[in-house]
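Quick note: the coordinates plus some simple rules give every number you see, no bench work behind them. Just so it is clear, the structure is predicted and the values come from calculations on it, not from any experiment. Please note: Cβ atoms are built from the backbone with ideal geometry, for glycine as well, and neighbour counts cover all protein chains shown.
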Amino acid sequence: MGLDDKMGNMAEKAAGKAKEAAGKATGNERLEAEGEADQSKADLKQAGENIKDAFKKD
C-alpha cells in the first residue's frame, strides 16, 4: 500500500496515455480505446488509494 501503489498507478496511467497516443498516431481505434481504459482503471485505483488515505488513522 501507500507510495508504491500510488507510483504504480501513475505508471499505469502514463502507459495508458502512451498507448492511446500510439493508437491515435496509427489510426488504431482499438489501441486508442485500450489506452483510455487503462487510464480510467488507474484513476479508479488512485481514487481508492485516496479514500484509504482519508480514513487512515495516524
**Q.** GNM top mover of Ala14, Ala42, Ala25 - the chain, alpha-carbon springs below 10 Å
**A.** Ala25
Q: Of the listed values (i) 56, 23, 10; (ii) 49, 15, 10; (iii) 37, 20, 19, grab the one calculated as Cα extents along the principal axes in Å from the structure here.
A: (ii)
(Q) How far apart, in nanometres, would the label points at Ile51 and Asp5 be if each is projected 7 angstrom from Cα along the Cα-to-Cβ direction? (A) 1.1 nm
Q: Per residue of the range 8-13, in order, report the coupling 6.51 cos²θ - 1.76 cosθ + 1.60 (Karplus, θ = phi - 60°) as ³J(HN,Hα) in whole Hz, putting x for Gly and Pro.
A: x, 5, 5, 5, 5, 5
**Q.** Helix 29-55 vs. the chain, principal-axis angle (Cα, 0 to 90°, nearest 10)
**A.** 10 degrees
Q | Non-local Lys pairs in the chain, i.e. 8 or more apart or on different chains, that have alpha carbons under 17 Å apart | A | 13
Q | Theoretical ellipticity at 222 nm over the chain - DSSP helices of four or more residues, -39500 (n - 2.57) apiece, nearest 500 | A | -31000 deg cm²/dmol
Q) What longest region of the chain stays clear of trypsin sites (Lys or Arg not before Pro) that DSSP places outside H, G, I, E and B and that have at most 16 other Cβ atoms within 10 Å? A) 1-55
